[in-house]
1. Can you pull out the residues in the stretch 168-201 that are in a loop (DSSP other than H, G, I, E, B) and within 19 Å of the chain's Cα centre (by Cα)?
2. Any idea which of (1) part of a loop (DSSP other than H, G, I, E, B); (2) out of contact with any His (no Cβ under 6 Å at 6 or more places or on another chain); (3) without any contact (Cβ under 8 Å) to a residue 40 or more places away in the chain is the one VAL137 doesn't satisfy?
3. Pairs under 8 Å by beta carbon, first residue among the aliphatic types (A, V, I, L, M) in the stretch 35-47, partner in a helix (DSSP H, G or I), six or more apart or different chains?
4. I'd like the residue in the stretch 151-172 that is of a type in the set (Ser, Thr, Tyr) and in contact (Cβ under 8 Å) with a residue 24 or more places away in the chain and, out of all such residues, is surrounded by the most Cβ atoms within 10 Å (Cβ to Cβ).
5. Can you confirm whether GLY148 is assigned to a loop (DSSP other than H, G, I, E, B), modelled with pLDDT under 95 and either closer than 18 Å to THR193 by Cα or in contact with a His (Cβ under 9 Å, 6 or more places away or on another chain) (or both)?
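The values are calculated or read from the model by the stated rules, or taken from the named source; none is laboratory data. Note that the structure is a prediction, hence the values are computed from the model and not measured. No Cβ is skipped: glycine too gets one built from the backbone with ideal geometry, and neighbour counts run over all protein chains shown.
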Amino acid sequence: MSLYYVVINGKPAGPYKEDELKNLKIMPGTFIKTSEMDDFKEAHEVPALRGLFGWNEIAVAPQYFASMDIRLLAVIIDYFILFGIYIILASVVIAFIDERDLRILISLSGLAIIPIVKIFYASYMEASARQGTFGKVLMSVKVCDENGSRITPGRSVIRNFSKILSVATLGIGYIIGFFDKRQQCLHDKIAGTLVRKERLI
């Protein structure tokens with residue numbers, strides 16, 4: 001069972017068990033943290049507490065945005081994961097093929113296949129409960145709409161296919177993210193999305 005730390009009168013207090021929280025007059029905006037969490041969050045952002053108190057999650061406009069270097073590192077991690085999976089699968093297939101030219105073709109096909117797979121993989125993961133690919137999860141950033149809510153599958157597909165435009169503009173679609181106050185790239189602006197960092201206190 002998780003133990004909770006609660007910010008009361010500006011100071012962290014606790015730990016408290018879940019059933020003890022009901023006596024503390026916890027509000028949706030009360031800052032709470034468990035030992036498993038890296039930082040404090042508003043109580044309504046914690047699924048277990050929404051169930052305990054019967055709250056709905058409140059969309060909070062993001063205040064902290066993932067910098068472009070963090071986003072780039074997340075992309076590198078994702079490609080590393082996908083490339084590793086491709087190497088394993090290609091090695092298994094090549095083991096059963098004797099023709100040299102076909103083996104070379106299969107080996108090089110990853111250059112075309114992996115970016116395509118990345119689009120579908122990111123489209124699914126960014127609309128999921130994780131709100132991000134494994135790279136983004138590891139970097140503690142999430143994709144959301146401009147109100148801070150989880151994006152729909154349709155919006156996620158638009159966002160990820162729009163990355164083709166960000167690349168087709170010779171990378172300018174990505175570069176504009178460095179100069180945007182909310183770090184929005186071209187594909188973020190098209191889809192109406194943000195990449196936010198977890199709240200810091």
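1. Looking only at the stretch 168-201, we keep the residues that are in a loop (DSSP other than H, G, I, E, B), and these are 169-171, 180-185, 192, 198-201.
Within the stretch 168-201, ARG182, GLN183, GLN184, CYS185, GLY192, GLU198, ARG199, LEU200 meet the criteria.
2. Only one criterion in (1) part of a loop (DSSP other than H, G, I, E, B); (2) out of contact with any His (no Cβ under 6 Å at 6 or more places or on another chain); (3) without any contact (Cβ under 8 Å) to a residue 40 or more places away in the chain is unmet by VAL137, namely (1).
3. Listed pairs, sorted by first residue: ALA43/LEU49; ALA43/PHE53.
4. Here is the first cut: in the stretch 151-172, the ones of a type in the set (Ser, Thr, Tyr) are 152, 156, 162, 166, 169.
Checking the rest, the ones that are also in contact (Cβ under 8 Å) with a residue 24 or more places away in the chain come to 152, 156, 162.
Values: THR152: 11, SER156: 22, SER162: 18.
So, considering only residues that are of a type in the set (Ser, Thr, Tyr) and in contact (Cβ under 8 Å) with a residue 24 or more places away in the chain, the one surrounded by the most Cβ atoms within 10 Å (Cβ to Cβ) is SER156.
5. Details: assigned to a loop (DSSP other than H, G, I, E, B): yes; modelled with pLDDT under 95: yes; either closer than 18 Å to THR193 by Cα or in contact with a His (Cβ under 9 Å, 6 or more places away or on another chain) (or both): yes.
Yes.
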